[in-house]
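The values are calculated or read from the model by the stated rules, or taken from the named source; none is laboratory data. It should be emphasised that the depicted structure is a prediction, and the values quoted were computed from it without experimental measurement. Neighbour counts are summed over all protein chains in view; Cβ atoms, including those assigned to glycine, are modelled from backbone coordinates with ideal geometry. Note: accessible area is taken over every heavy atom of the protein model, side chains too, but ligands, DNA and RNA are not part of it. Shrake-Rupley method; radii C 1.70, N 1.55, O 1.52, S 1.80 Å.
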Amino acid sequence: MEKTIAGCFITGTDTDVGKTVVTASLLRAMRQLGADTVAVKPVQTGCTRDGAQWLAPDVELYGRAVGASPSSRYLALRCYAPACSPHLAASHAGENIVAQDLALEIGQAVKAGEFCLVEGAGGILSPLSETETMLDLMRALGLPPLLVVANRLGCISHALACMKLLAATPLAGAGMILCHVSPPKPAEAELLAENSRFLARQGKKYGFPLLAELPYTADLHSDDATRCDSAWAGLAAKLVPAAKALVAKAQPEARGGEVAELDRRCIWHPYAGTVPSPVIREVVGAEGVYIYLADGRRLLDGMSSWWCVNLGYGRADLQNALNAQARRLSHVMFGGFTHAPAVTLARKLLDIAPGDFERVFFVDSGSVSVEVALKMAIQYQLAKGRPHKTRICALRGAYHGDTLGAMSVCDPVNGMHGIFRSFLPRQFFLDRPESRFGELPNAESLAKMEHDLRENAENIAAVILEPIAQGAGGMWFYHPDYLALLRRLCTELDIVLIADEVATGFGRTGRLFACEWGGISPDIICLGKGLTGGFISLAATLARAEIAETVSRPKAPDQPGILLQGPTFMANPLACAVALEAVTGLLDSPWEENVSRVERGLRDGLAPCHHLPGVKDVRVLGAIGVVEMEKNVNVASLQAFFVGQGVWLRPFRNLIYTVPPFIMTDAEVEKMSNAICEACRRELFL
Ligand code: PLP
């Protein structure tokens, strides 16, 4: 179980700026407040040995500061002899420090209810290894950084650089403490006072309020026990207000309570009522595969924010693309104008999409891309002079979005047809494809599909389906032969084939587009979600030349010759620029390797669920893992359990599923799968 640690990460603008003195004095100040506290030095270099025991210099100083106090604990985790950077010291010892592992160790060292002061080594970017720095450890712990700055010449630039760097992470700043690290020189007094005033103002701006300023204290190392103790007592007294502020900030209700409360009063959430309001958690940031909550917790994201953040959060490449485009042109109407981001992206999509598409129609969401696809198909048939072909054929178990047209082609039983019956067009439904992905095709079911389609072809304008993997309608993976047969039949029966790849597109099933599994090219394809790497909303409907030309040059005289759609934010330049970067970034990444690695991890990780009571089926395809239960699950209790485990999942109906970002590591996939297995084992779904 991932523990939530309350505390702060004491870091500095450099080495020798007073981090250890601050940590030790805070430890003592916490004791004065009666707060159970542990000071942890995760990596200590420059250690000596006393027999089998390591003597860690910073930890010794903690001991000096608190004397023999039972309520203060302090320890060093990784001790090395050379007095050098952690990565070097570790490599001398034949070790490699991994931030995640170290964070877990720290979590294990902290007792329930303890406030934890973690003191970093060196500065923020001091290397832990060739690839990770102290900042990675901060992120892995999710603790707010407390920045220690030595008030001396040159400190402003260092402090500002650090605050800027930290402000760009999802970590909320704990504050800043200034230290005087050398004996005062009267000539410098005014200059240092000005430093302090300046940094207090800047700290406020960057979320690092100046919590205290510690004077130079010569007796901290004195051999005279009384003088030494009173020196530490003096510093601790100065830090009591800071300690109070840190403890208060660590209280969950102080972290994000207000926003969640206001949310309850004025926001309407997806698939939710307002009374009682659903359980809502405030998010303050997201990075990589983690979502950071206002209460200080960090959740491993098993949902890719509803299938879209395929390569993780906080990507600098996408931020840069957005910023660069925002400086040039953030938006302009698309009626009568064009711009490079739209055209370049369109060409890229036409290049990679599965088929010989010729036209791209940009919209803002997956549902609208489906609406546009349906309109294209209907207008195409009318323009062809086939006015009887007005119905859409969809698959049971399908999900295509929540707008009215899209809703009409969702599964007629588990979709929203019942409620909106009077409003929705009546469509024609084929059975859910019986043949499972990865097994032999079921000839009977294929024959029935062919029969049903032929019987109704006269009135059918288009077939719409999610190729290979049905998503929110049932999380079902079916055989590629189904696609191949359907493609042949649609061509023969003058039916437009629409592939809704809003969820499956951009690698999710292990192929760039799921149509590739069946070796087919649809007539129209809908793209969305992963199109912008989940950064911003954008979707697109791509059509073959024949569809576009027929709609534009109708044979039937009463047809308008134009596509009847024109959203205000069509082809928004910001979204197009980000999408171009996201698509290029995906293609340049080892996404295939990653998706098959995640697939293997999910197969292994979810395998134990197969034999658990209440489990009906377990299936995995690409970066999609599904545990289907016999009955509908208790979503609230499952979600509370998952959040307690530090993972984010959103089960629905009888399905517990995960669609993790492709960049999730093996250990993280294992953690996600373990959480699902454990929930099933404990029967939390009831
Ligand atoms: N089509 C499919 C296959 C989907 O999975 C979804 C959303 O989950 C949509 C369409 C609708 O997309 P959006 O939520 O962007 O409107």
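Scanning segment 15-54 for residues that are on the phi > 0 side of the Ramachandran plot and in contact with a helix residue (DSSP H, G or I) (Cβ under 9 Å, 6 or more places away or on another chain) gives a single hit, GLY46.
I'd like to check something: does segment 477-499 contain any residue that is at pLDDT 95 or above, on the phi > 0 side of the Ramachandran plot and open to solvent by less than 10 Å² (accessible area, probe 1.4 Å)? No, because not a single residue in segment 477-499 is at pLDDT 95 or above, on the phi > 0 side of the Ramachandran plot and open to solvent by less than 10 Å² (accessible area, probe 1.4 Å). In this structure, GLY625 does not satisfy being at positive phi and outside any helix (DSSP H, G or I). Of the residues making up segment 257-297, those that are closer than 26 Å to GLY7 by Cα and either in a loop (DSSP other than H, G, I, E, B) or among the charged types (D, E, K, R) (or both) are GLU258, GLU261, VAL279, ILE280, ARG281, GLU282, GLU287, VAL289, ALA294, ASP295, GLY296, ARG297. Only residues that are open to solvent by 30 Å² or more (accessible area, probe 1.4 Å) and within 37 Å of the chain's Cα centre (by Cα) were counted in segment 542-566, giving 5.
Somewhere in segment 167-188, is a residue in a helix (DSSP H, G or I) and either closer than 26 Å to ALA29 by Cα or at pLDDT 95 or above (or both)? Looking through segment 167-188, none of the residues is in a helix (DSSP H, G or I) and either closer than 26 Å to ALA29 by Cα or at pLDDT 95 or above (or both). Among residues of segment 441-453 that are over 13 Å from PHE429 (Cα atoms), those with a Cβ under 8 angstrom from a residue that is part of a helix (DSSP H, G or I) and open to solvent by 30 Å² or more (accessible area, probe 1.4 Å), sequence gap 6+ or separate chain, pair up as PRO441/ASP481; LEU446/ASP481.
If you go through segment 149-184 and keep only what is among the charged types (D, E, K, R) and under 25 Å from ALA316 (Cβ atoms), you end up with just LYS164. In this structure, is ARG432 touching a Pro at 6+ places or on another chain (Cβ under 8 Å) and within 16 Å of the ligand (Cβ to nearest atom)? Judged against the criteria, ARG432 is not a match. Considering only residues that are within 13 Å of the ligand (Cβ to nearest atom) and open to solvent by 10 Å² or more (accessible area, probe 1.4 Å), which ones fall in segment 401-415? If the condition is that a residue be within 13 Å of the ligand (Cβ to nearest atom) and open to solvent by 10 Å² or more (accessible area, probe 1.4 Å), then ASP402, THR403, LEU404, GLY405, ASP411, GLY415 are the ones that fit.
For segment 162-191, the set of residues classified as without any contact (Cβ under 8 Å) to a residue 40 or more places away in the chain, under 24 Å from GLU287 (Cα atoms) and surrounded by fewer than 20 Cβ atoms within 10 Å (Cβ to Cβ) consists of ALA168 only. Residues that are surrounded by 23 or more Cβ atoms within 10 Å (Cβ to Cβ), under 36 Å from the mean Cα position of the chain (by Cα) and not polar (S, T, N, Q) within segment 25-37 comprise LEU26, LEU27, MET30, listed in sequence order.
Criterion first (open to solvent by 50 Å² or more (accessible area, probe 1.4 Å) and either within 16 Å of the ligand (Cβ to nearest atom) or more than 31 Å from the chain's Cα centre (by Cα) (or both)) does GLU358 satisfy it? Yes: the conditions hold for GLU358.
Across segment 641-664, the number of residues qualifying as open to solvent by 40 Å² or more (accessible area, probe 1.4 Å) and within 22 Å of GLU287 (Cα to Cα) comes to 3. None of ALA242, ALA286, ALA272 is out of contact with any Gly (no Cβ under 9 Å at 6 or more places or on another chain) and either of a type in the set (Gly, Ala, Ser) or open to solvent by less than 20 Å² (accessible area, probe 1.4 Å) (or both) except ALA272. The residues listed here are ALA469, ALA398, ALA462; of these, the one that is within 16 Å of the ligand (Cβ to nearest atom), over 30 Å from ALA383 (Cα atoms), open to solvent by less than 50 Å² (accessible area, probe 1.4 Å) and among the aliphatic types (A, V, I, L, M) is ALA469. Among residues of segment 392-407 that are under 18 Å from ASN456 (Cβ atoms), those with a beta-carbon under 6 Å from a residue that is among the small types (Gly, Ala, Ser) and outside any loop (DSSP other than H, G, I, E, B) at least six positions away or on a different chain give the pairs ILE392/ALA462.
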